[in-house]
Amino acid sequence: MELPQSFVERMKGQLGADYTRFETALQQPAPVSIRLNKNKLQGQPNLPRVPWTETGYYLPSRPQFTLDPRLHAGAYYVQEASSMFLEQALRQHVDLSQSLRVLDLCGAPGGKSTHISSLISPDSLLVANEVIRIRASILAENVTKWGSGNVVVTNNDPRDFGRLPEFFDVMVVDAPCSGEGMFRKDPQAMNEWSDENVNLCAQRQQRILMDVWEALRPGGILIYSTCTWNLAENEKNIAWLADQENAQPLSLTLDPAWGVEATSLDGVSGYRFYPHQVQGEGFFLSVIRKAGEYEELQRSSKKKKYKLTHAGKKEQAMVSDWLLEPDRFAWVQYGEVISALPENLFEEVDQLYQNLYVIYAGTEIAEAKGKKLKPLQALALSQHLNKAAFRTEELDLEAALRYLRKEDIGMSGNSNDWILLQFENQPLGWAKQVGNRLNNYYPKEWRIRMELPQVLEFKSWGV
């Protein structure tokens, strides 16, 4: 790895005598880490822990994740360990037991969004946004697989959130950056790096922060992060925002054993992850609180006009037992698709539909086909799925992977049932048995495209 010369000079000044250790660490293979979906995988894996999160673990080597059906089932997420530090910012400065409105502004591909959804209460709302459409589709896929059901995925520019003044209690801005912390994982990031690009990124980050600031309520928390090490994109940006908006910088309590480096600039606390000090990639995080006290606005007595439409009573009756605790949900219909939203979030989600471009919301339950309902993939992967309402079949590893490749698989019996296919008790999706034929309904855009090896291996990690 040949690092850019101006980057080398800056990091030598930044790290001093530690620079040699830093450069050596960049030549080593990147650690591999995962974060478990505690609502799908119970138990304690026989793996080393990522110390700043309750559900993160290191793997001894990088497996073929594509060939693990549990990944496709949303039972875990492959996430870089340093970025899981977001959990500390949320636990230390947010009352996660309350009903919250949270925005993950730059959400794709979904690591932080799925992490946040596991930390907030079930009656909280997470808006996971991505400005680039194709990446927003990937975000929606990963949110669907995680299956928490209280997430809305949007595809909007940061300035669009100005239509929702003081809407959010918490904002997470994992800003697009120069990517210095990803050099050993992504050589393209190193090839694109330059001092000029660093300055352009810093300016863009300031625009993003100012564009969304109005949507954060007074007293709300903004968590800012990047995967880069320079001051311009990190402390200087948050110091600038704090000065512009009279915001209060907040600090975090660290365990010295973690190896995270605390920094301070103009009263702003920052937290840096260096590969020679932590088992993870480059990362920076800072937290600030918006000035002022929040006052809940009085609801208007005027009858509201909603964009969302409730599903018909007949349709609701047909699908209500498909979820556990069905009374917790509002059943809405958008086109032919019937979805479930937490009942207490109906008005907030409708407000999002009226002001933003929503591409996915809640849990898509079924598609109405005349008098019949077709169960949808999101239902199969929902954490709230009532398995007892369906016939289930357990697949072995080869059959599960063939199903995920959208190939034909054999099934005994002769019926006309929808079947929930599982691997290791983790739902994968639907098939329809018609006589002695089995139709594979796995989404074609999600299918595994790589060829299966002759010898398949599966590691349980003890869970």
Base-10 log of normalised Debye intensity for the chain (one unit scatterer per alpha-carbon) at q = 0.09, 0.10 Å⁻¹: -0.64, -0.78
Accessible solvent surface per residue of the chain, calculated while the other protein chains remain in place, 1.4 angstrom probe, Å²: 45
Using alpha carbons only: equivalent-ellipsoid semi-axes of segment 1-116, gyration tensor based, whole Å: 30, 21, 14
Segment 29-184, relative contact order in percent, only Cα pairs under 8 angstrom and at least six apart counted: 22
Cβ-derived FRET efficiency at R0 25 Å, SER99 paired with LEU324, nearest 0.05: 0.80
Two-site FRET efficiency, ASN199 against ASN416, from Cβ-Cβ distance with R₀ of 51 Å, rounded to 0.05: 0.20
Longest to shortest principal axis, alpha-carbon extents of segment 204-340, angstrom: 60, 39, 28
21 Å Cα-Cα threshold exceeded, pairs from LYS145/LYS307; LYS38/LYS459; LYS40/LYS369; LYS236/LYS290; LYS374/LYS432: LYS145/LYS307; LYS40/LYS369
5 angstrom amide H check on ILE359, placed H, neighbours 5+ away: VAL153, THR154, ASN155
In sequence order, calculated HN-Hα J values of segment 233-250 (Karplus, 6.51, -1.76, 1.60; Hz; x Gly/Pro): 8, 10, 4, 5, 5, 6, 4, 4, 5, 4, 5, 5, 10, 6, 7, 9, x, 10
The chain, accessible surface, carbon-and-sulfur percent (1.4 angstrom probe): 46
Mean separation of Cα contacts under 8 Å (6+ apart) over length of segment 106-240, as relative contact order %: 26
Surrounding net charge for PRO158, when Lys and Arg each add one and Asp and Glu each subtract one, Cβ distance under 13 Å: -3
Inter-site label distance for TYR334 and LYS387 at 7 Å from Cα along Cβ, in nm: 2.9
Square roots of 5 times each gyration tensor eigenvalue, C-alpha, segment 142-207, largest first, Å: 29, 19, 9
Vicinal HN-Hα couplings computed from phi for segment 80-86 (Karplus, 6.51 cos²θ - 1.76 cosθ + 1.60; Hz; Gly/Pro x): 5, 4, 4, 5, 6, 4, 3
Helix axis angle, 346-355 relative to the chain longest principal axis, alpha carbon, degrees: 70
List THR363, THR392, ordered by accessible area with a 1.4 Å probe, largest first: THR392, THR363
Segment 366-430: radius of gyration and largest Cα-Cα distance (Dmax), Å: 12.2, 36
Cα→Cβ-extended label distance, 7 Å offset, between LYS369 and GLN27, nm: 6.0
For ASP417, residues with placed amide H under 5 Å, excluding near neighbours: GLN433
For LYS406, distant residues with modelled amide H under 5 Å away: ILE448
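The values are calculated or read from the model by the stated rules, or taken from the named source; none is laboratory data. The structure presented is a predicted model; accordingly, all values stated were derived computationally and were not measured. Here the Cβ is made from the backbone with ideal geometry for all residues, glycine too, and neighbour counts use every protein chain on show. Accessible surface is based on the protein model in full, side chains and every heavy atom, while ligands, DNA and RNA are left aside. Shrake-Rupley method; radii C 1.70, N 1.55, O 1.52, S 1.80 Å.
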